[in-house]
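S.K.: Below you will find the structure I want to go over with you.
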Amino acid sequence: MRSVTLGQSDIQVTPVGLGVLTIGGTQLDLPLEEGARIVRYAYDRGIRFFDTAQCYETYPCIREAFRDLDMGKGNPDRPVIASKCLDFSYKAMEDAIRECLEQLDADYVDIFKLHEVRQDPDWEQRQGAWQCLLDYKAKGVIGAVGVSTHHVDVVRRLAEVDECDIVFPLINYAGLGIRCGSGPGRAEDMADAIRLCLSREKGVYAMKAFGGGNLSGNYRMALDYVRDIGVHSIMVGMGSREEIDRLCEYAEGTLEKSYAPDISHKRIHIDQGDCEGCGSCIKRCPNKAIYRNEQGLADVDHQICLTCGYCAPVCPVRAIIMW
């Protein structure tokens, strides 16, 4: 599989990557060895870009997948690993970086980001953590620093932040999960913000092209939309060899034009780690299949769920996924 350079960094990535969240505890919750096999299969099929996070708790799967590889900076065969942290302070970010390196058994991580930056004043409040990332980049421990976000306004702001190497935005043709300020955002506005970052030579790779699986029935349309914006790579959460095979075929240009995945077996799930209990999905569900659980978060009664997907567009934090 060909590779591309992420913006002005010297990091080479494949045009598709594996989002490791899917195999973690809040989604498929695969056993260590099974999760490691998925990660390694993606590598063996040609994918060289993997995105994780401190809160995913998937570092052990990655380490197990690549235990036969030297994860040091100088090894040309090592995969590109990106991670991120939700914390605000310098100390918490420093601890997160050290945890990442220790659990991956590495002395270097290619990309480290602020995780899920939201509307003002979130960026200002996380400047301690941001300074830590800059300092560890200066030490040579991190290759590039950046931000992941679902917010159009944040992506626009990052275009003006010279020290930001990498932007990891949420984008899909239906606008599922896109935010702007305290309200919903539009796909076309996010696409424009991404293009602005690209014009400033930021490295940009995208998440949620399938809107958490809700758009996977329109497989090629979903990927083509994001690809055609011009992003360097598309990060996709996958939990099976078949899904990895199809994505690699897409990236290599060999996927049948008529390909449409069978999604009849998939069900709606609500990621309890992302849900904020706002109740928007409960109000929108036409069959009253979504309810508040004991934790006050949204959950699904699969016996009456129609899998219509009407709930997904109203979720402000894209917690509603389909697998």
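The values are calculated or read from the model by the stated rules, or taken from the named source; none is laboratory data. Small disclaimer: the values here were computed from a predicted structure and weren't measured. All Cβ positions, glycine included, derive from the backbone under ideal geometry; neighbour counts span all protein chains shown. The protein model used for the area step is the full one, side chains on, heavy atoms only, and it has no ligands, DNA or RNA in it. Shrake-Rupley method; radii C 1.70, N 1.55, O 1.52, S 1.80 Å.
S.K.: Output the qualifying pairs, or none if there are none: Cβ atoms under 9 angstrom, residues six or more apart or on different chains, first residue in the stretch 292-304 and at negative phi and part of a loop (DSSP other than H, G, I, E, B), second residue of a type in the set (D, E, K, R) and surrounded by 11 or more Cβ atoms within 10 Å (Cβ to Cβ).
M.R.: So the pair list comes out as Asn293/Asp299; Leu297/Glu276; His302/Arg267.
S.K.: Ok, one more. From the list Cys285, Cys281, Cys248, which one is within 26 Å of Ile166 (Cα to Cα) and either open to solvent by 30 Å² or more (accessible area, probe 1.4 Å) or of a type outside the set (A, V, I, L, M) (or both)?
M.R.: Matching residue, one of Cys285, Cys281, Cys248: Cys248.
S.K.: May I ask you to verify whether His265 is outside any loop (DSSP other than H, G, I, E, B) and modelled with pLDDT under 95?
M.R.: The answer is no for His265.
S.K.: Of all residues in the stretch 129-150, how many are part of a strand (DSSP E or B) and open to solvent by 10 Å² or more (accessible area, probe 1.4 Å)?
M.R.: Going through the stretch 129-150 one residue at a time, the tally reaches 1.
S.K.: In the stretch 173-191, is there at least one residue being of a type in the set (A, V, I, L, M), closer than 19 Å to Ala319 by Cβ and open to solvent by 20 Å² or more (accessible area, probe 1.4 Å)?
M.R.: yes
S.K.: Given the conditions (1) closer than 23 Å to Asn218 by Cβ; (2) modelled with pLDDT of 95 or more, which single one is not true for Arg179?
M.R.: Unmet condition: (2).
S.K.: Can you name the number of the only condition in (1) touching a His at 6+ places or on another chain (Cβ under 9 Å); (2) over 24 Å from Val167 (Cα atoms) that Lys208 fails?
M.R.: (2)
S.K.: Further question: Restricting the first residue to the stretch 21-35 and requiring it to be among the β-branched types (Val, Ile, Thr), which pairs with a second residue that is in a helix (DSSP H, G or I) meet a Cβ separation below 6 Å and a spacing of at least six or different chains?
M.R.: Ile23/Gly35; Ile23/Ile38
S.K.: Among Ser216, Ser240, Ser233, Ser258, which is the only one that is within 19 Å of the chain's Cα centre (by Cα), hydroxyl-bearing (Ser, Thr, Tyr) and open to solvent by 30 Å² or more (accessible area, probe 1.4 Å)?
M.R.: Being within 19 Å of the chain's Cα centre (by Cα), hydroxyl-bearing (Ser, Thr, Tyr) and open to solvent by 30 Å² or more (accessible area, probe 1.4 Å) holds for just one of Ser216, Ser240, Ser233, Ser258, which is Ser240.
S.K.: Would you be able to say whether some residue in the stretch 108-122 is open to solvent by less than 50 Å² (accessible area, probe 1.4 Å), within 29 Å of Ser182 (Cα to Cα), of a type outside the set (Ser, Thr, Tyr) and modelled with pLDDT under 95?
M.R.: Yes: one or more hits.
S.K.: A further question follows. Among the residues of the stretch 73-96, write down those that are surrounded by fewer than 22 Cβ atoms within 10 Å (Cβ to Cβ) and farther than 24 Å from Ile47 by Cβ.
M.R.: Within the stretch 73-96, Leu86, Asp87, Phe88, Ser89, Tyr90, Lys91, Ala92, Glu94, Asp95 qualify.
S.K.: Within the stretch 23-51, take every residue that is open to solvent by less than 30 Å² (accessible area, probe 1.4 Å), among the β-branched types (Val, Ile, Thr) and farther than 21 Å from Arg227 by Cα and give me the one that is nearest to the chain's Cα centre (by Cα).
M.R.: Going through the qualifying residues, I end up with Ile23.
S.K.: Follow-up question, since we're still on this one. All but one of (1) surrounded by fewer than 17 Cβ atoms within 10 Å (Cβ to Cβ); (2) farther than 19 Å from Asn218 by Cα hold for His265; which doesn't?
M.R.: (2)
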